[in-house]
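One structure below.
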Amino acid sequence: MTTQKFIITTGTIIKVRNKLLNDGYINALVFEDIVQLLHSCPVNNNPCIWTENEDGAYVTTCGNTYEIINGTPRENHMNFCPYCGKRLRVKEND
Ligand SMILES: [Zn+2]
C-alpha cells in the first residue's frame, strides 16, 4: 500500500480551518476530528541528504543541485530542502 506523506504546518492547519469554518462547510467539532485524524497519520521524517560535489555545489537526494555562494546550508540557516520540503541534512565527508 502506498501512503501519501506530507508535512502539515500549523499555519496551513489554521488556514484550512478558517476557510472551512468561514465558508460554512463544517463546524468546529468536525474540524477537531479532522485534526485528530491528521495527527494519527504517518509522517515521512526522512531527510533530504545534500552531498557536496567537486564544484562545491550540493546534490540533493530529491534530484536537484544547489550552489551556495557563502558558507554551508547550516551556516545559512537552511533547515529544509527548498525543492522537496523535507528536513535538510548535509552528508559528512569522510
Ligand atoms: Zn530535497
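Every number in this text was worked out from the coordinates using simple rules, so none of it is lab data. What you see is a predicted model, and the numbers here were worked out from it, not measured in a lab. Quick reminder, even Gly has a Cβ in these numbers, built from the backbone with ideal geometry, and neighbours come from all protein chains shown.
Structure notes:
- Relative frequency of Cα-Cα separations exceeding 14 Å in the chain, percent: 73
- Of the trypsin sites (Lys or Arg not before Pro) found in segment 17-88, those that fall in a DSSP loop while having at most 11 other beta-carbon atoms within 10 Å are Arg74.
- For segment 44-94, a crude dipole built from +1 on the beta carbon of Lys and Arg and -1 on the beta carbon of Asp and Glu, taken about the Cα centre, is about 380 debye to the nearest 20.
- Nearest-ten-degree value, helix 28-39 long axis tilted from longest Cα axis of the chain: 30
- Only the Cβ atoms of Lys and Arg (+1) and of Asp and Glu (-1) were treated as charged; on that basis the dipole of the chain about its Cα centre amounts to roughly 420 debye.
- Relative to the longest principal axis of the Cα atoms of the chain, helix 10-22 runs at roughly 30 degrees.
- Loop-located GluC sites (Glu not before Pro) in segment 38-72 (DSSP state not H, G, I, E or B) with no more than 11 neighbouring Cβ atoms inside 10 Å: Glu54, Glu67.
- Cysteine residues of the chain whose C-beta has no other cysteine C-beta under 4.7 angstrom: Cys41.
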